[in-house]
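Student: Right, I'll just put the structure down here and ask away after.
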Amino acid sequence: MKTVIEPFRIKMVEPIRFTTRTEREQVLHAAGLNLFLIRAEDVIIDLLTDSGTGAMSAEAWAALMRGDESYAGARSWYRFEAAVKQIFGFPQVIPTHQGRAAERLFANVLIQPGMVVPNNTHFDTTRANIEAVGGKAIDLPCLEANNLALEAPFKGDMDVAALEHLIAEVGADKIPAIMLTVTNNSGGGQPVSMANIRTVSKLAHFYGIPLYIDACRFAENAYLIQQREAGYQNMPVREIVQEMFSYADGCLMSAKKDAFANIGGFLCTRDDRLAEELRRLLILTEGFPTYGGLAGRDLDAIAVGLHEVLDEDYLHYRIRSTQYVADQLQERGIPVVRPSGGHAVYIDARRFLPYIPPLQYPGQALAVELYLEAGVRGVEVGTVMFGRNAHTGKEKPAKWDLFRLAIPRRIYTQSHMDYVVEAIAQVWQRGEQIRGLKIVSEPPYLRHFSARFEWI
Ligand code: F0G
């Protein structure tokens with residue numbers, strides 16, 4: 001059969017409230033044209049993020065009921081720890097309430113002011129946590145990543161030559177860790193190849209630098225390795241995951257992505273001394289090391305989700321359904337980042353709205369317009385998110401202005417996606433009438449969450 005179907009049936013539903021364009025105009029106006037500031041009930045299709053928004057399975061819901069809420073040494077903790085160890089293979093597991101909590105612990109323990117942390121591309125919270133302790137977050141994406149339209153299998157790879165150059169320039173002692181984000185979210189959701197993980201690991205270890213993987217979308221990345229990298233076609237995704245993490249010294253994970261959980265995360269390491277330091281800080285701000293800010297039931301849901309996400313029928317459907325949206329848009333001539341990655345479809349907003357300059361935020365203008373058109377919420381990944389330098393306070397255009405439609409796991413069907421495609425095509429047709437934006441108020445960092453805008 002050629003038709004790829006959802007490998008699940010739907011047992012429970014949530015109603016969607018429809019809104020009119022007039023209602024949406026009022027909602028947007030009150031929110032200062034920032035889609036983070038509107039109510040979810042005013043959204044028809046919510047593609048703001050794939051984080052914490054997935055549908056849990058009947059098994060995960062059943063596991064919630066088995067949650068052990070004991071403060072220390074809960075059964076849930078041991079089930080969680082066993083799942084993480086089995087899948088990722090690290091001896092030390094530290095639970096956190098979400099990915100950025102793991103990032104904060106990591107940054108506080110590992111990074112001294114002036115130190116440098118390279119990554120293929122830092123996610124915004126990773127960058128902010130590194131910068132918050134005085135470190136420098138450096139992006140070293142591979143050359144292919146610069147061409148958004150180029151069809152290349154592993155545009156999430158790190159530029160190894162640039163990494164070598166950076167190490168020579170700043171010195172290995174100034175680099176407390178090298179990171180790889182799989183898949184590369186800010187770089188368009190592109191996967192990192194096994195070959196790249198292996199090479200970066202070799203180089204890191206040659207210089208005595210540990211390699212940490214930002215593992216948020218590890219299963220999607222592993223599946224794309226199976227599909228696209230020579231030599232992996234016949235290897236089960238579970239084994240690909242084991243090989244990926246065998247090259248690393250640890251990982252940081254947001255369980256809100258590839259563990260189907262609504263909340264949760266963890267940090268893993270092979271370094272026992274580092275783990276002790278991390279746990280000391282964990283107790284101070286997150287919780288005792290056997291729950292780390294999570295309820296026992298959350299730990300249990302994550303333990304189930306981590307195994308479930310490795311189901312290859314699920315991954316096949318997942319990647320294919322994202323590709324479906326990207327292909328539908330491409331067929332209509334809409335500039336999307338190619339090839340489509342795992343969790344999201346990214347539109348190149350500078351090409352979609354070519355007469356809106358980057359400092360008038362074409363990605364945000366597109367986000368606002370699509371919401372007005374059809375109540376669809378996506379997110380700008382561009383100059384609003386990355387344009388302001390936290391140290392100097394200066395603003396400059398980000399490398400790209402993308403508009404991301406993140407697809408929550410197992411939430412929407414194909415007809416929901418057809419609706420989204422139709423809405424984008426309508427906006428595309430009257431592109432020239434869309435105006436740029438200016439910022440009227442913004443906080444000192446992570447401004448995209450709370451800045452307010454006006455049309456120019
Ligand atoms: N790393 C990556 C690559 C991420 O995509 C995220 C979150 C985090 C770390 C932080 O994890 O949210 O659990 O604290 N990304 C979400 C997104 C928010 O929409 O892409 P968190």
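Student: What about residue 145, is it over 26 Å from residue 326 (Cα atoms) and touching a residue at least 12 places away in the same chain (Cβ under 8 Å)?
Tutor: Values: over 26 Å from residue 326 (Cα atoms): no; touching a residue at least 12 places away in the same chain (Cβ under 8 Å): yes.
Here the answer is no, as residue 145 does not meet what is asked.
Student: Here is a further query. Among the listed residues 46, 42, 68, identify the single one that is within 16 Å of the ligand (Cβ to nearest atom) and of a type in the set (D, E, K, R).
Tutor: None of the others qualify; the one that does is 46.
Student: Give the residues of the range 326-364 that are modelled with pLDDT of 95 or more, of a type in the set (Gly, Ala, Ser), over 18 Å from residue 436 (Cβ atoms) and within 16 Å of the ligand (Cβ to nearest atom), sorted by residue number.
Tutor: 344 - this is the single residue of the range 326-364 that is modelled with pLDDT of 95 or more, of a type in the set (Gly, Ala, Ser), over 18 Å from residue 436 (Cβ atoms) and within 16 Å of the ligand (Cβ to nearest atom).
Student: Another question, if that's okay. Could you tell me which residue of the range 421-443 is surrounded by the most Cβ atoms within 10 Å (Cβ to Cβ), considering only residues that are hydrophobic (A, V, I, L, M, F, W, C) and touching a Leu at 6+ places or on another chain (Cβ under 7 Å)? Steps first, answer last, please.
Tutor: Let us first name the residues in the range 421-443 that are hydrophobic (A, V, I, L, M, F, W, C), namely 421, 423-425, 427-428, 434, 437, 439-440.
Retained after the next criterion (residues that are touching a Leu at 6+ places or on another chain (Cβ under 7 Å)): 421, 423-424, 427, 434, 437.
Details: 421: 20, 423: 20, 424: 28, 427: 21, 434: 19, 437: 25.
Among those residues, the one meeting the criterion is 424.
Student: In the range 370-381, what residues are farther than 20 Å from residue 429 by Cβ and either at pLDDT below 95 or assigned to a helix (DSSP H, G or I) (or both)?
Tutor: Matches in the range 370-381: 381 only.
Student: Right, next: In the range 324-340, how many are among the polar types (S, T, N, Q) and over 19 Å from residue 147 (Cβ atoms)?
Tutor: So the count comes out to 1.
Student: Considering each residue of the range 269-290, count those that are of a type in the set (A, V, I, L, M) and over 15 Å from residue 97 (Cβ atoms), and give that number.
Tutor: The total comes to 2.
Student: Still on this structure, I have one more. Among residues belonging to the range 413-456 that are outside any loop (DSSP other than H, G, I, E, B) and among the charged types (D, E, K, R), point out the one that is modelled with the lowest pLDDT.
Tutor: Per the stated criteria, the residue is 432.
Student: Turning to a different aspect of this structure: Condition check: at pLDDT 95 or above, assigned to a helix (DSSP H, G or I) and buried (at least 23 other Cβ atoms within 10 Å of the Cβ). Does residue 367 satisfy that?
Tutor: Details: at pLDDT 95 or above: yes; assigned to a helix (DSSP H, G or I): yes; buried (at least 23 other Cβ atoms within 10 Å of the Cβ): yes.
When the stated conditions are applied, residue 367 passes them.
Student: Given the residues 338, 318, 351, which is the only one that is in a loop (DSSP other than H, G, I, E, B), outside the structural domain of residue 228 (by TED's automatic domain parsing) and among the basic types (Lys, Arg)? Step through it out loud before you land on a result.
Tutor: Working: 318 fails: in a loop (DSSP other than H, G, I, E, B); 351 fails: in a loop (DSSP other than H, G, I, E, B).
The conditions single out 338.
Student: A further question on this structure: Would you call residue 73 assigned to a loop (DSSP other than H, G, I, E, B), more than 16 Å from the ligand (Cβ to nearest atom) and touching a Gly at 6+ places or on another chain (Cβ under 8 Å)?
Tutor: For residue 73, the condition - assigned to a loop (DSSP other than H, G, I, E, B), more than 16 Å from the ligand (Cβ to nearest atom) and touching a Gly at 6+ places or on another chain (Cβ under 8 Å) - is not met.
Student: Separate question: Quick check on the range 56-75. Is at least one of its residues among the hydrophobic types (A, V, I, L, M, F, W, C) and touching a Pro at 6+ places or on another chain (Cβ under 8 Å)?
Tutor: The answer is no; no qualifying residue exists.
Student: Right, here's the next one. Of all residues in the range 397-432, which are within 16 Å of residue 340 (Cβ to Cβ) and β-branched (Val, Ile, Thr)?
Tutor: Passing the criteria: 407, 420, 421, 424.
Student: Let me ask another. Any idea which of 105, 28 is outside the structural domain of residue 168 (by TED's automatic domain parsing) and in a helix (DSSP H, G or I)?
Tutor: 28
Student: Tell me the residue from 45, 94 that is touching a His at 6+ places or on another chain (Cβ under 6 Å) and hydrophobic (A, V, I, L, M, F, W, C), please. Steps first, answer last, please.
Tutor: Working: 94 fails: touching a His at 6+ places or on another chain (Cβ under 6 Å).
Answer to the selection: 45.
Student: Taking the condition touching a residue at least 24 places away in the same chain (Cβ under 8 Å), within 12 Å of the ligand (Cβ to nearest atom) and in a loop (DSSP other than H, G, I, E, B), does residue 126 pass? Can you show your working first?
Tutor: Numbers: touching a residue at least 24 places away in the same chain (Cβ under 8 Å): yes; within 12 Å of the ligand (Cβ to nearest atom): yes; in a loop (DSSP other than H, G, I, E, B): no.
When the stated conditions are applied, residue 126 does not pass them.
Student: Restricting to the range 82-106, and then to whatever is within 15 Å of the ligand (Cβ to nearest atom) and surrounded by fewer than 24 Cβ atoms within 10 Å (Cβ to Cβ), can you tell me which residue is farthest from residue 299 (Cα to Cα)?
Tutor: Start the filter on the range 82-106 by keeping residues that are within 15 Å of the ligand (Cβ to nearest atom), which leaves 94-106.
Narrowing further to those that are surrounded by fewer than 24 Cβ atoms within 10 Å (Cβ to Cβ): 97-98, 100, 104.
Numbers: 97: 10, 98: 12, 100: 17, 104: 20 Å.
Among them, the one singled out is 104.
The values are calculated or read from the model by the stated rules, or taken from the named source; none is laboratory data. What you see is a predicted model; the values in this text were computed from it and never measured. With ideal geometry, Cβ positions are generated from the backbone for all residues, glycine too; neighbour counts draw on all protein chains shown.
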